[in-house]
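J.: Sharing a structure, written as structure tokens. Questions coming.
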Amino acid sequence: MQHIKNYIDGALVEPASKKYLENIDPSRGSVYSYIPDSDERDVEQAYTAAQSAFEAWSQTPKETRAQYLTKIAHLIERDLNKLALAESIDNGKPLKLAKMVDIPRAAANFNFYATGILHYASHAHSMEHTAINYTLRQPVGVAGCISPWNLPLYLFTWKIAPALAAGCTVVAKPSEVTPMTAYLLSELCVEAGLPKGVLNIVHGLGNKVGNAIVSHPHIPLVSFTGGTATGKHIASIAAPMFKKLSLELGGKNPNIIFADCDYEKMLHTTIHSSFQNQGQICLCGSRILVERSLYEKFKTDFVAQTKKFMVGAPQDEKTRVGAVVSKSHMEKILSYIDLAKQEGGTILCGGKRKILEGEYQEGYYIEPTIIEGLPYNCRTNQEEIFGPVVTIMPFDTEAQALSMANSTNYGLASVVWTENLSRAHRVAHSIHAGIVWVNCWLLRDLRTPFGGVKASGVGREGGFEAFDFFTEPKNICIKMG
Ligand code: NAD
């Protein structure tokens, strides 16, 4: 069985411990490869390599850095099918989705930041005849990048690409639950001739490898995407060390559907925003608020359409909902469905584990689940479930919809469905979230600021915001005459 390796100082290497963890294919519930059980020794080696590479890399002309990133993007595009299959096996997501979304986006991340850095400029502030200020933006140093399992290569590269383009070197840790495409990426970096030490990938557990990165005294910034509890823990370590921190955390996103929406478009998109990637996208809408006059019609159609959404083996072309990522995650999701019942919810469809046949019998499948009859402030409606589970709730007025939407600790994304232009602006303005989609979902322009408010995070990724994070501004004031 394949043993994944760390990528340190340009080489694919074993972990210092020589120990490995099991890597499970969630569609079959069985071990299919092994992942390094790395620790602080590997992080130290990675840091040393990144630190040695920093001076040369940060002084490499941005055009040359961009060429390396473009080369990596081309290699990802060349290996699209191989990477998509690896992502689908590792994560349980439909192969079709990995081919259409995850891997193309990973290539797009490299392409976007390769070209982006060529257009990134700093400011100058003239004090008329007295002085001129100009601001340098210098790469901060060795960046720590830690990513989750739900969009493995997509989110891993969303951090690495801007960090490298900005001139930082990187010690990165992918999720131990989905390490495979990060490993394949390290092979592509070797093939692209990326100078050694510029990118280092250390595999292993969060409380060992992740912790060692976050608490490393000479890693001055950490870009983290993952759960809110982990983010809080990371902040508690990094903040007293005065590290720069970017935290992209959990969500409990509302979809607000007004009766005047474009109904067919809304229905079609709402099924995707509920169940795409088994509901394991931080941007999925998990609380669906529907204006009362539309509620019964929506409920009937939404349930009927959802029942047609085929749950199946990830590599089957017909599958719309694959396996959730792990046994423990499946158990967590099922426990929330139980909680919803205890809280008085009615399961309109789904609500159970689905057992497939043959080799997939032990896989972690959950039927797409719709729940109604719950108060907006119960735990099911306040806590992140991160699976194929949504609740639907009626509302009577715009003000009531907003107050329900804004009632959670989270504030990542939201969707508003209305054909009323004034209302669209008004509601978008008042939602507590970093992202509002009006009459669409997951339409992404990589130049836009991406991130959340409240317990959904601190800071923004995307566009030049990412370069601002990976660089430090230094103002230089020159007095004239
Ligand atoms: P997680 O917090 O368990 O793990 C994320 C990463 O952090 C993994 O690489 C993990 O190994 C590492 N980690 C765990 N403990 C650590 C520690 N003590 N120190 C340092 N690193 C540690 O999250 P997950 O279960 O992998 O991902 C799901 C969560 O991610 C959900 O809450 C989801 O909403 C969130 N998410 C947010 C965004 C966003 O952009 N806001 C995007 C995707 C996922």
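The values are calculated or read from the model by the stated rules, or taken from the named source; none is laboratory data. A quick note: this is a predicted structure, and the numbers were derived from the prediction, not measured. So basically every Cβ, Gly included, is an ideal-geometry build from the backbone, and we count neighbours across all protein chains shown. The protein model used for the area step is the full one, side chains on, heavy atoms only, and it has no ligands, DNA or RNA in it. Shrake-Rupley method; radii C 1.70, N 1.55, O 1.52, S 1.80 Å.
J.: In whole Hz, with x marking every Gly and Pro, tabulate ³J(HN,Hα) for the range 227-232 from phi via Karplus 6.51 cos²θ - 1.76 cosθ + 1.60, θ = phi - 60°.
T.: So the Karplus estimates, Gly and Pro as x, are x, 5, 5, 5, x, 5 Hz.
J.: Moving to a separate point now. Express the Stokes-Einstein translational diffusion coefficient of the chain in µm² s⁻¹, to the nearest whole number, given a Kirkwood radius over alpha-carbon pairs, 4 °C and a viscosity of 1.567 mPa s.
T.: Rounded, D is 56 µm²/s.
J.: Distance from a point 7 Å along Cα→Cβ of residue 239 to each backbone N in the range 437-481: keep the residues under 16 Å and list them by number.
T.: The answer is 453-459.
J.: Cut-off under 17 Å on the C-alpha distance; same-chain residues fewer than 8 positions from residue 243 excluded. Which lysines are left, in chain and number order?
T.: Excluding near neighbours in sequence, the set is 159, 232, 474.
J.: Taking every DSSP beta bridge with both residues inside the range 253-448, roughly what % is antiparallel (nearest 5)?
T.: So the antiparallel bridges amount to about 20 percent of the total.
J.: Still on this structure, I have one more. Label points 7 Å out from Cα along the Cβ direction at residue 443 and residue 341: separation in nm?
T.: The modelled label-to-label distance comes out at 4.0 nm.
J.: Separate question: Quick check for you: with a 1.4 Å probe and neighbouring chains kept, what is the accessible area per residue of the range 253-448, in Å²?
T.: Spelled out: the 1.4 Å probe surface of the range 253-448, per residue, equals 41 Å².
J.: Residue 395's amide H: which non-local residues (gap 5+, or another chain) put their own amide H closer than 5 Å, with H modeled 1.01 Å from N in plane and none for Pro or chain starts?
T.: The answer is 290, 291, 292.
J.: Turning to a different aspect of this structure: Name the residue from 109, 441, 64 whose Cα lies farthest towards the positive end of the charge dipole of the chain, charges +1 on Cβ of Lys and Arg and -1 on Cβ of Asp and Glu.
T.: 64
J.: Relative to the present Cα-Cα distance, how much length would full extension add between residue 421 and residue 119 at 0.36 nm per residue of separation?
T.: Contour length minus the Cα-Cα distance gives 105.3 nm.
J.: Right, here's the next one. Give me Rg over Rh for the range 40-176, both radii from the alpha carbons and Rh done the Kirkwood way, two decimal places.
T.: The Rg/Rh ratio comes out at 1.08.
J.: Then there's this: Taking 2.2 N^0.38 Å as the expected size of a compact globular protein, what ratio does the Cα radius of gyration of the range 403-481 give against it, to two decimals?
T.: In units of the globular-protein estimate, the range 403-481 measures up at 1.49.
J.: Can you give the relative contact order of the chain as a percent, counting alpha carbon pairs under 8 Å and 6+ residues apart?
T.: The normalised contact order for the chain reaches 19 percent.
J.: I'd like the FRET efficiency for residue 475 and residue 428, computed as 1/(1 + (r/R0)^6) with the beta carbon distance as r and R0 of 35 Å, rounded to 0.05.
T.: After rounding to 0.05, the efficiency reads 0.50.
J.: So, R0 is 60 Å and r is the distance between the beta-carbons of residue 378 and residue 129; what FRET efficiency does that work out to, to 0.05?
T.: E(calc), rounded to 0.05, equals 0.40.
J.: For residue 472, which sequence-distant residues (separation of 5 or more, or a different chain) have an amide H within less than 5 Å of its own amide H, given hydrogens modelled in the peptide plane?
T.: Under 5 Å from the amide H of residue 472: 138, 140.
J.: Here is a further query. Where does the charge balance sit around residue 117 when Lys and Arg score +1, Asp and Glu -1, over other residues with C-beta under 10 Å from its C-beta?
T.: The answer is +1.
J.: If you don't mind, another one. So for the pair residue 331, residue 44, with labels modelled 7 Å out along Cα→Cβ, what separation do we get in nm?
T.: 3.5 nm
J.: Out of all DSSP beta bridges in the chain, what portion is antiparallel? Express it as a percent rounded to 5.
T.: Looking only at bridges with both residues in the chain, the antiparallel portion is about 45 percent.
J.: Using DSSP to define loop residues, name the GluC sites (Glu not before Pro) in the range 266-335 whose beta-carbon has at most 10 other beta-carbon atoms within 10 Å.
T.: Answer in residue order: 317.
J.: Let me ask another. Only Lys, Arg, Asp and Glu count, each charged at its Cβ (+1, +1, -1, -1), so figure out the dipole size of the chain about its Cα centre, rounded to 20 debye.
T.: Dipole magnitude for the chain comes out near 360 debye.
J.: Counting only residues 5 or more places away or on other chains, whose amide H sits under 5 Å from the amide H of residue 10 once H atoms are built in the peptide plane?
T.: Those qualifying (amide H under 5 Å, at least 5 residues apart or on another chain) are 197.
J.: Let me ask something additional. Just subtract the alpha-carbon distance of residue 59 and residue 191 from 0.36 nm times their residue separation and send over the number in nm, one decimal.
T.: Contour length minus the Cα-Cα distance gives 45.3 nm.
J.: Now for a separate question. What angle, in degrees between 0 and 90 and rounded to the nearest 10, separates the Cα long axis of helix 180-192 from the longest principal axis of the Cα atoms of the chain?
T.: Compared with the principal axis, the helix lies near 30 degrees.
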